[in-house]
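Asker: Starting off with a structure, shown below.
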Amino acid sequence: MIKIIPNLIPKNNTKFGIAFSGGVDSVVISHFLKQGKKNFDLYFFNHGDNNDVDALNFALEWADKLEVQLYTNDVVTPLKASEGVWRDSRYTWLESFKDLPIITGHNLEDIVSGYVMFWIKGQEKFIPVERNNIKRPFLLTSKNSILDYAEKYNLKWHEEEYNHNLSFDRVKVNKKVLPSIYEINPNFDNKIKNIFIEKLKRENYL
């Protein structure tokens with residue numbers, strides 16, 4: 001089931017953007033919101049490498065299928081930039097559209113892995129629900145729900161090479177750290193979800 005944190009998606013016919021990578025998360029949420037007759041366009045950040053050539057072509061095809069506009073950045077980040085530089089560049093670009101709410105496909109998997117990554121680095125926190133004009137309404141939606149939705153509607157997506165690159169911290173956490181945690185505590189993700197829900201309640205999101 002696709003779960004939405006209330007009041008983060010613009011109502012009625014208000015225009016907003018979706019941060020679109022071509023991955024399964026952004027494909028599913030854009031399809032889901034199109035089914036709900038929402039008024040949006042897609043925003044694709046081009047990192048300037050070979051992977052994004054294919055991803056951009058896919059994004060253009062998907063935008064055409066949904067009958068929405070696709071926007072992308074003019075200046076790409078150098079190929080050898082680090083994960084952190086890419087992330088900061090993406091957010092700088094997305095936040096440049098100050099008056100336009102932009103929704104991301106971050107989900108419960110990102111909440112859990114993000115919490116673990118912050119903890120490893122000495123911080124106890126979650127990725128934020130909102131960051132300036134950027135909204136993350138799908139943080140309570142499980143990855144399995146996203147994959148089930150994609151299967152139900154026979155959706156295709158572009159698999160990012162970086163999701164398997166162990167030089168990236170987030171990939172190490174997903175591929176190496178979390179599997180070991182689940183061996184010890186199979187209910188770990190539900191525990192983190194419950195902590196996050198309590199945080200949402202304290203901050204009046206729920």
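Asker: Could you sort 93, 86, 119, 157 by accessible area so the largest value comes first, with the probe set to 1.4 Å?
Answerer: 119, 157, 93, 86
Asker: Tell me, what is a quarter of the convex hull surface for the C-alpha atoms of the stretch 114-206, in nm² with one decimal?
Answerer: Approximately 8.0 nm², given one-decimal rounding.
Asker: If ligands, DNA and RNA are left out, what is the accessible area of residue 64 with a 1.4 Å probe, given in Å² to the nearest 10?
Answerer: Ignoring ligands and nucleic acids, residue 64 comes out at about 120 Å².
Asker: Round to a whole angstrom and tell me the spacing of the C-alpha centers of the stretch 20-50 and the stretch 67-138.
Answerer: Cα centres, the stretch 20-50 to the stretch 67-138: 13 Å.
Asker: Just in the stretch 112-206: which GluC sites (Glu not before Pro) are loop by DSSP and have at most 15 other Cβ atoms within 10 Å? Before the final figure, lay out each step's value.
Answerer: Values: sites: 124, 130, 151, 159, 160, 161, 183, 198, 203; in loops: 124, 159, 160, 203.
Qualifying residues, ordered by number: 124, 159, 203.
Asker: Mean projection of the alpha-carbon convex hull of the stretch 48-137 over all orientations, in nm²?
Answerer: 7.2 nm²
Asker: In the stretch 26-111, which trypsin sites (Lys or Arg not before Pro) fall in coil by DSSP and have 16 or fewer other Cβ atoms within 10 Å?
Answerer: On the way: sites: 34, 37, 38, 65, 80, 87, 90, 98; in loops: 37, 38, 80, 98.
For trypsin sites (Lys or Arg not before Pro) across the stretch 26-111 that sit outside H, G, I, E and B with at most 16 neighbouring Cβ atoms in 10 Å, the list reads 37, 80, 98.
Asker: Between residue 97 and residue 183, what FRET efficiency follows from the Cβ-Cβ distance if R0 is 35 Å, with the result rounded to 0.05?
Answerer: That pair, residue 97 with residue 183, gives E of 0.25.
Asker: If the chain between residue 200 and residue 132 were fully stretched, how many nm would it gain, using 0.36 nm times the residue separation less the Cα-Cα distance?
Answerer: Working: separation 68, 0.36 × 68 = 24.48 nm, distance 1.74 nm.
Computed gain between residue 200 and residue 132 is 22.7 nm.
Asker: Under the classification rounded if a/c is under 1.5, otherwise prolate if a/b is larger than b/c and oblate if not, where does the stretch 27-66 fall, given a ≥ b ≥ c as square roots of the Cα gyration tensor eigenvalues?
Answerer: It is prolate, given that a/c is not under 1.5 and a/b is the larger ratio.
The values are calculated or read from the model by the stated rules, or taken from the named source; none is laboratory data. Just so it is clear, the structure is predicted and the values come from calculations on it, not from any experiment. Counting neighbours? That spans all protein chains shown, and the Cβs are built from the backbone with ideal geometry, glycine included. Surface areas here come from the heavy atoms of the whole protein model, side chains and all, with no ligands, DNA or RNA. Shrake-Rupley method; radii C 1.70, N 1.55, O 1.52, S 1.80 Å.
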